[in-house]
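All remarks here apply to the structure that follows.
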Amino acid sequence: MLLTMDIATAFGVLGLEHGADWTAVRTMHREAIRSSHPDVGGSTDRAAQVNQAFGVLERATNGGQYPLPPPPPDSPAPASERSPSTVLDFDSPAELLRCLADVGHDVGEVVFVDPVSGLLEIIVGPEPGVGRLIVDVGEPTQGGVSVAFTLEPLGVIAPPPIGEVVADLLRRHHARPEH
């Protein structure tokens, strides 16, 4: 099973140094696939990983039309941030999830909504997105419905602070006339 691969991992899989040009990417892909292909004694998993790495770099450069991205910073990739649970004045978790999904389109790209589990995912940041905001709508409590927010980075660029993203989402939610 292939997992999500970032650009830094793709460089490593293909044995590329940062600063390599598109010709080097194609050359290293060909060499890696020749040695890892199952027809020459390699494994299907390794060949799939090599092709996935090439695909990541191909998408990042629009097929070699744009320069390869700069190397990642020396610091480790940003970690996920989780905000404390917030209680919002709603009676129904399903209705709160629907409202947050509606305003989610204003702060990013809503990519997943599951009313059964109460989960909402929004890709935030400039295209193609730098963070995944996961909204976990809980059960009703005495004061409303509890909501927890987690912001996961999608690559080497740090997403905006979770407090700013959540504040923007909630501000837009409260500004809606139906609220």
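Report the label-to-label distance for residue 20 and residue 176 in nanometres (one decimal), using points 7 Å from each Cα along the Cα→Cβ vector.
4.6 nm
Provide the per-residue ³J(HN,Hα) series for segment 133-149, in order, calculated from phi with Karplus coefficients 6.51, -1.76, 1.60 and θ = phi - 60°, each as a whole number of Hz, with x at glycine and proline positions.
Once rounded to whole Hz, the list reads 8, 9, 10, 10, 8, x, 7, x, 10, 4, x, x, 10, 7, 9, 10, 10.
Only Lys, Arg, Asp and Glu count, each charged at its Cβ (+1, +1, -1, -1), so figure out the dipole size of segment 7-60 about its Cα centre, rounded to 20 debye.
Numbers: 5 positive and 6 negative charges, 14 e Å.
For this selection, approximately 60 debye.
At 7 Å along the Cα-to-beta-carbon direction for both residue 48 and residue 92, put a label point, then send me their distance in nm to one decimal.
It is 4.2 nm.
Quick one: 3J(HN,Hα) in Hz for segment 44-54, Karplus 6.51/-1.76/1.60 with θ = phi - 60°, rounded, Gly and Pro as x.
Running phi through 6.51 cos²θ - 1.76 cosθ + 1.60 with θ = phi - 60° gives 5, 5, 5, 4, 5, 5, 4, 5, 5, 4, 4 Hz.
Let me make sure I get this right: for segment 81-175, a, b and c are the square roots of the gyration tensor eigenvalues over alpha carbons, sorted descending. Under 1.5 in a/c it's rounded, otherwise prolate if a/b > b/c, else oblate. Which is it? Let's see the in-between values first.
On the way: a/c = 1.85, a/b = 1.74, b/c = 1.07.
Prolate is the answer for segment 81-175, as a/c is 1.5 or above and a/b outweighs b/c.
Only Cα pairs under 8 Å and at least 6 apart count here; give the relative contact order of the chain as a rounded whole percent. Show your work: numbers first, answer last.
Working: 284 pairs, mean separation 33.8, N = 179.
RCO, the chain: 19 percent.
Determine the dipole magnitude for the chain: charges of +1 sit on the beta-carbon of Lys and Arg, -1 on that of Asp and Glu, nothing else is charged, the reference point is the Cα centre, and the result goes in debye to the nearest 20. Working shown, then result.
On the way: 11 positive and 24 negative charges, 105 e Å.
Value, rounded to 20: 500 debye.
With 10 angstrom as the radius, rank 141, 9, 86 by how many other C-beta atoms surround their C-beta, starting from the fewest. If you can, show how the numbers build up before the last one.
Numbers: 141 10, 9 16, 86 13.
Fewest-to-most Cβ neighbours within 10 Å comes out as 141, 86, 9.
Any read-out appearing in this document is the output of simple, stated calculations on the displayed coordinates, not a laboratory observation. Because the structure is predicted, anything quoted here is derived from the model rather than measured. We place every Cβ from the backbone using ideal geometry, glycine too, and count neighbours over all the protein chains shown.
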